[in-house]
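The values are calculated or read from the model by the stated rules, or taken from the named source; none is laboratory data. Predicted model, so just to flag it, every value in this text is computed and none were measured. So basically every Cβ, Gly included, is an ideal-geometry build from the backbone, and we count neighbours across all protein chains shown. The protein model used for the area step is the full one, side chains on, heavy atoms only, and it has no ligands, DNA or RNA in it. Shrake-Rupley method; radii C 1.70, N 1.55, O 1.52, S 1.80 Å.
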Amino acid sequence: MHLFQRTADLQTFLRNTRTHNRSLGFVPTMGALHAGHFRLIERALQQDQIVVCSIFVNPTQFNNSDDLKRYPRTPGKDLEALARVGCTAAFLPSVEEIYPTGTTFKRSLDFAGMDQRMEGAYRPGHFTGVAQVVHRLLAIVEADRLYMGCKDFQQLAIVQSMIRQLALPVQVVGVPTVRETDGLAMSSRNALLSKTARAAAPAIYQTLRAAAERLRAGTPPEEVQEWAREQLAQASLRPEYFEIVDQVRLEPVKKTTDPHNWVICTAVWAEDVRLIDNLPVAELA
Ligand code: AMP
């Protein structure tokens, strides 16, 4: 596997490698890689001849400097695993490499309020930072396909909207959430959980599933929301939000619409670790 820290070096390599119409798949990450990330890489390797994975803890999407400091970093282990699975190139740029003129310039995009709700409401500026870094990375890598996880449902919707607004020539592939055997969505932040918090965390997915069942059975969304918050609290989790929104606009649902188009999104605190998860109601097996 090839390792790059500089944009120019990666671009030279890609220019020389992208011959014979070989397609390029790109998987942007913040590192501390787990099986969820590797599912994205696998998917990319199935479809594309060249696969680039970036590891960059993007400061502009963190609204809390402690969170940024605490974010797990395991570059040695990550690179070993990426080489093992057959990733073509890893890109580990510095902050200066990604933001050569500083971090303040942000293109203004119109997400029609989608960036203001849920994660956007609790992490002001988060999605502006996400859009900024994905745009910059795409400008560097010029990928044919961009692989992202449905685990970050709202992020995926925002990135898709950005790509449409800027008419970027890249196809987005959304990859279903990879979970631990007890249902907890894999996340780099899981490494920060204490034993007690880890034991409580599976209640997130259990509650999402039970809520989806209730919605399908016709229980009104507000009632399900209230019930779910109680369930989470009983499991010693502190829900920040538990929202039932439509899959396309991410707006709170009207109960007259079809639950199969709804997705349940939640953010909870397990002690001092913030976890997010979601479940499209239609996906309930
Ligand atoms: P992150 O390193 O957390 O920024 O995640 C990088 C990419 O991996 C994003 O597109 C995430 O949505 C995706 N991802 C993270 N966790 C999972 C998971 N459990 N299953 C599927 N994709 C994931």
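A few comments on the model shown:
- Residues in the range 80-115 that a label on residue 17 would reach, taking backbone N under 20 Å of a point 7 Å out along Cα→Cβ: 80-94, 97-98
- Whole-percent carbon and sulfur share, accessible surface of the range 1-84, 1.4 Å: 46
- Per residue, the average separation of C-alpha pairs within less than 8 Å and at least 6 apart gives the chain a relative contact order of 17 percent.
- Here the range 190-285 exposes an accessible surface that is 49 percent carbon and sulfur, computed with a 1.4 Å probe and the other protein chains kept in place.
- For residue 195, the aspartates and glutamates whose Cα falls under 13 Å of its own Cα, not counting residues fewer than eight places away in the same chain, are 271, 272.
- Pairwise FRET efficiency - residue 49 versus residue 121, Cβ, R0 = 25 Å, nearest 0.05: 0.05
- Residue among 212, 139, 59 farthest towards the positive dipole end of the chain, charges placed on Cβ: 139
- Modelled label positions at residue 272 and residue 251, each set 7 Å beyond Cα in the direction of Cβ, lie 4.1 nm from each other.
- Pairs of alpha carbons in the chain whose separation is greater than 26 Å (percent): 45
- Relative contact order, percent, the range 56-161 [alpha-carbon distance under 8 Å, six or more residues apart]: 36
- With the simple spin-label model, which puts each label point 7 Å out from Cα in the Cβ direction, the residue 179 to residue 84 separation comes to 2.5 nm.
- Within straight-line cross-link reach of residue 255, aspartates and glutamates at Cα separation under 18 Å, skipping those fewer than 8 residues along the same chain: 213, 222, 223, 226, 243, 246
- Averaged per residue, the range 89-131 has 50 square angstrom of accessible surface, using a 1.4 angstrom probe with ligands and nucleic acids left out.
- Unit charges on C-beta of K, R, D, E only; dipole of the chain, Debye: 520
- Each peptide in 259-268, 213-222 receives the mean, over its residues, of other Cβ atoms within 10 Å, and ordering these scores from highest gives 259-268, 213-222.
- Given their separation in residues at 0.36 nm each and the Cα-Cα distance between them, residue 35 and residue 74 gain 12.6 nm when the chain is fully extended.
- Using C-alpha pairs under 8 Å with a sequence gap of at least 6, the mean separation divided by the residue count of the range 109-199 gives a relative contact order of 26 percent.
- Accessible area of the range 111-158 belonging to carbon and sulfur atoms, whole % at 1.4 Å probe: 49
- Inter-site label distance for residue 285 and residue 236 at 7 Å from Cα along Cβ, in nm: 2.9
- FRET efficiency, 1/(1 + (r/R0)^6) with R0 22 Å, evaluated for residue 101 and residue 3 via beta carbons: 0.30
- Excluding ligands, DNA and RNA, the accessible surface per residue across the range 138-245 is 45 Å² with a 1.4 Å probe.
- Simple rule: put +1 on each Lys or Arg Cβ and -1 on each Asp or Glu Cβ in the range 157-285, find the dipole, and look at 170, 278, 228; the Cα lying farthest toward the positive end is 170.
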